[in-house]
Every structure is written in C-alpha cells, then in structure tokens.
Amino acid sequence: MALHDLILVLNCGSSSLKGAVLDAHGDTLLLGCLAEKLGTAEALMTFKDENGKRSVALAAPGDHHTAVAALLAELQRLDLQARIAAVGHRVVHGGERFSASTLIDDAVLADIEACIPLAPLHNPAHVAGIRAARDAFPQLPQVAVFDTAFHQTLPEHAYRYAVPDALYCQHGVRRYGFHGTSYRYVAAESARLLGRDMAGLGLVIAHLGNGASVCAVRNGQSQDTSMGLTPLEGLVMGTRSGDIDPAIYPFLQANTGMDLAAINRMLNHESGLLGLSGLSNDCRTLEAAAAEGHAGAQLALAVFAYRLAKYIAAMAVAAGRLDALVFTGGIGENSELIRAQALQHLQVLGFVLDEAANSAARFGAAGIITAEGSTPLALVVPTNEEAMIARDTARLSQIQAA
Ligand code: AMP
C-alpha cells in the first residue's frame, strides 16, 4: 500500500459537505461522500465507491465536525486514512486577498473569515469545514482553492462598477466573478484539445450549470466574466434572474410592498428558468416540456439562450480575439438545444454549427461542434473542479514538504 498518495477534497456548504478522495493528479476518484441536512436531527452522510452506496445517520450535533469525523472513520475502515497526503478545500470567496490557491495557516483562515461579508452564505461553512478538517487531520497540509482567484487578473475597467468610488475603497464593491476553478481547468483542457499553447489563445468559456456564467480568457488569464459582486449578476440561471434593472428594488417595494429581503430572495431563488417557465429550474425538464408544447418552458429556454449569446459576444470583446467558444457545466456539456440556439444567435460572429457533432458531444464527451472551416470554433469540454483542487493541493503540499 502506497503512503501519502491521495488527496481529500472538501466542499462545505451551509448544510452540506461534499467530499472526494482522489489521486494527486485528480484523475481517479476512490471515494465520494455527501453529507446533507447538517445542523438538523436528520443529518445524513452517504458514501459512494466501486462497491456502491451506503448511508450513515450523523449523531448530534450533526454539524461539519460530525461529518468530517464520520468521513475519517470511513477512511479508517477502508484503510485509506494513512494514504491521505493533504486536504484541499473549495472556498467561494477570496476577495482581493487571494489571487491563487494557498496553503492554509491561521492568518489565511482569518483572511477567509474576513471575506464573510462578501459571501455570507458560503464562507462561514468553508471556515467550519477547514476547522473540522484541521482537527481531524492535524498533521496534514490544508489548501484553499478559491472560486474568485482566477478572476483577479481582470483589468480595473472590467471589475469596477460605475458607483461612487468610496463604495469600492471602503466596502470592496466591485466585480469578483466565480466558477474560477472550473474556468482554469477548462481553459487548459481546451488548449490541449486544440493542440495550442495557451499563449496567444483567445477563449470565451460558458460554464452553464444551475449557476451559470461566461468568462473571457486570453493568454490563460481571465479578462472579464459575467458574475459580479455576487453570483446573481449576468446570465439567466436555474433560479437566479441574472442581469436586471437595479431600480426593480424600489419599484417592487412601492408596488408590491415586498421588502429588500423578499426581493433578494425572489431574484436568487424564484427567478431564472424557474420563474420564467413557472415549471422548473432544471434544463432537462424544461426541454422535455418545451418539446410537448409548454409555452413557459419554451420562453425560459429562449431567454436563457439569447442572454447567453449576448454575453458571449460581449466576452469576445474582452478576450480581444476569439479562437474558440467552449461550453461546460451540466447544461453546456449536455444540452445540444441550448448550444444550437446560442450559436444560431452568434452566426454574426462566424460560427457554423455541425449538427451531428453537436448531438454527439454529450454525457462526458469532449469535442468540436462547429463545421469544418468555421472560425471561430465551438467546443464542448467537461469541467472537473475536484481534479483542479486535487492538483493544486498536491502541488502546494509538495512545495511545503520541500
Ligand atoms: P450542474 O449545476 O453543472 O450540475 O448542471 C445542472 C443543470 O444541467 C440542470 O439544469 C440540468 O437539467 C442540466 N442537465 C444535465 N443533463 C442534461 C441533459 N442531458 N440535457 C439538458 N440539460 C441537462
């Protein structure tokens, strides 16, 4: 049995903990786990590996510490514990403090805590998860990998909002962007698929999942992205509105009596594909309903695809040159309908869709979906954020050991 050859990746949400045990290249998944309903009496953890799925109830208090302790017990049971070399943590917000993944020490943990006002739903859970993992694996290096870090290369004209300067200087009101770990992985995979060096390459990547954004990448660096101070800005998403006239807040307050919290909840949780369709936030469900003639589902998909195309064109400006458009995320990797509708709008940029290739690039298959001679190209490249976190964690842990 090899010692210290595996990485544990943790992604802690406010009531959930996702874990994965991977090799140091992030290529092989040995064990996956998901703890749900943390903080309640029904807290439950499910493990999945080549032998199938099994669940255990988490004893009180059923929090992140309990979940990490249950994971540690499972690793011991499977004889994997001694092989874990380091722990990598997904962290949503690193503010302007973090422009790359980093080894976690007390100062780094304090800085992640200091970013809580920017991500009040996410960063507290990450801090709890990091503390629990440090207690459970006190001898192992721990690494933080930030969703925002990749976008710290945005030029100031892309990240500043046109609001009074003091809001930026005193409160950090600026565009940060998210999905950065996915963009970093997909940019590298796209260059590999194209047989191109990252230097000189201009990409627009559309990460389309339940949350969705687009990013302009030039020379391997993020130039602009559609999400902003929070993940609400930009594209139409599963339940988020994306861009909207900010004057909707006083308008709704005056005309419906909704308060700020209610409007914010509506824009984040009751809008997007769900709000438009009145049916579902799930693209697959909407495609099936649209095919049956459901007008709300048809409208929701049409608005999603049109907003996406508009943003892709805008990101081409940010990239400065457009060699390829890349689709990723659950919708980007699987929905030939959304890809076809977006590329229909984008004919103005020269895309020519290959319908057979578009139908074939699904369910984990990567490939070029534009016709021979189309410039720019369009590709499908499956994302793998866990692999990226595992690789960063392995790399930084070795630096510490050297
Ligand atoms: P993610 O958040 O990346 O897991 O993506 C979730 C989204 O991907 C949901 O809207 C799913 O409906 C969508 N999705 C997954 N598989 C398919 C599919 N075969 N066709 C269309 N959409 C899909």
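The values are calculated or read from the model by the stated rules, or taken from the named source; none is laboratory data. No experiment lies behind these values; they were computed from the predicted model shown. Every residue, glycine among them, receives a Cβ derived from its backbone with ideal geometry; neighbour counts consider all protein chains shown.
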- Check Ala100, Ala144, Ala107 and return the single one that is buried (at least 24 other Cβ atoms within 10 Å of the Cβ) and modelled with pLDDT of 95 or more. Ala144
- Can you pull out the residues in the range 297-324 that are within 16 Å of the ligand (Cβ to nearest atom) and within 24 Å of Pro382 (Cβ to Cβ)? Leu301, Phe304, Ala305, Arg307, Leu308
- Counting only residues in the range 371-392 that are under 22 Å from Leu29 (Cα atoms) and acidic (Asp, Glu), the one farthest from the ligand (Cβ to nearest atom) is identified as Asp392
- Item | Checking Val9 against (1) surrounded by fewer than 20 Cβ atoms within 10 Å (Cβ to Cβ); (2) under 20 Å from Ala144 (Cβ atoms), the condition it does not meet | (1)
- Task: State whether the residues of the range 208-216 include one that is of a type in the set (Val, Ile, Thr) and under 20 Å from Ile312 (Cβ atoms).
- Result: yes
- Item | Total residues in the range 190-215, condition surrounded by fewer than 19 Cβ atoms within 10 Å (Cβ to Cβ) and away from the ligand (no atom under 16 Å from the Cβ) | 9
- Task: Out of Ser213, Ser222, Ser182, report the one residue that is in contact with a His (Cβ under 8 Å, 6 or more places away or on another chain), modelled with pLDDT of 95 or more and farther than 30 Å from Leu286 by Cα.
- Result: Ser222
- Sort through Met227, Met258, Met266 and tell me the only one that's free of Cβ contacts under 8 Å to residues at least 60 places away in the same chain and within 25 Å of Gln152 (Cα to Cα). Met227
- Task: Kindly indicate whether Ala158 is over 23 Å from Ala390 (Cα atoms), touching a residue at least 12 places away in the same chain (Cβ under 8 Å) and part of a helix (DSSP H, G or I).
- Result: yes
- Task: From the list Thr375, Thr328, Thr370, pick out the single residue that is among the hydroxyl-bearing types (Ser, Thr, Tyr) and crowded, with 23+ Cβ neighbours inside 10 Å.
- Result: Thr328
- Task: Could you tell me whether any residue of the range 160-169 is out of contact with any strand residue (DSSP E or B) (no Cβ under 7 Å at 6 or more places or on another chain) and buried (at least 20 other Cβ atoms within 10 Å of the Cβ)?
- Result: no
- Message: For the range 256-289: of the residues being farther than 23 Å from Gly234 by Cβ and within 15 Å of the ligand (Cβ to nearest atom), which is surrounded by the most Cβ atoms within 10 Å (Cβ to Cβ)?
- Response: Ala289
- Query: Between a first residue in the range 361-378 that is closer than 19 Å to Ser335 by Cβ and at pLDDT below 95 and a second residue that is of a type in the set (S, T, N, Q) and within 15 Å of the ligand (Cβ to nearest atom), which pairs have beta carbons less than 8 Å apart while being 6 or more apart in sequence or on different chains?
  - Reply: Arg362/Asn334; Phe363/Asn334
- Among the residues of the range 337-396, which ones are of a type in the set (Asp, Glu) and more than 23 Å from the chain's Cα centre (by Cα)? Asp354, Glu355, Glu372
- Query: Of all residues in the range 48-69, how many are more than 16 Å from Arg134 (Cβ to Cβ) and surrounded by fewer than 22 Cβ atoms within 10 Å (Cβ to Cβ)?
  - Reply: 13
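For every residue, the table says whether it meets (1) at pLDDT 95 or above; (2) assigned to a helix (DSSP H, G or I); (3) over 22 Å from Thr393 (Cβ atoms); (4) of a type in the set (A, V, I, L, M, F, W, C).
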residue	(1), (2), (3), (4)
Met1	no, no, no, yes
Ile7	yes, no, no, yes
Ser14	no, no, yes, no
Leu31	yes, no, no, yes
Thr40	no, no, yes, no
Phe47	yes, no, no, yes
Gly62	no, no, yes, no
Gly88	yes, no, no, no
Glu96	yes, no, yes, no
- When the range 325-369 is checked residue by residue, the ones that are among the aromatic types (Phe, Trp, Tyr) and within 13 Å of the ligand (Cβ to nearest atom) are Phe327, Phe363
- Answer yes if at least one residue in the range 238-254 is in contact with a strand residue (DSSP E or B) (Cβ under 9 Å, 6 or more places away or on another chain) and on the phi < 0 side of the Ramachandran plot, and no otherwise. yes
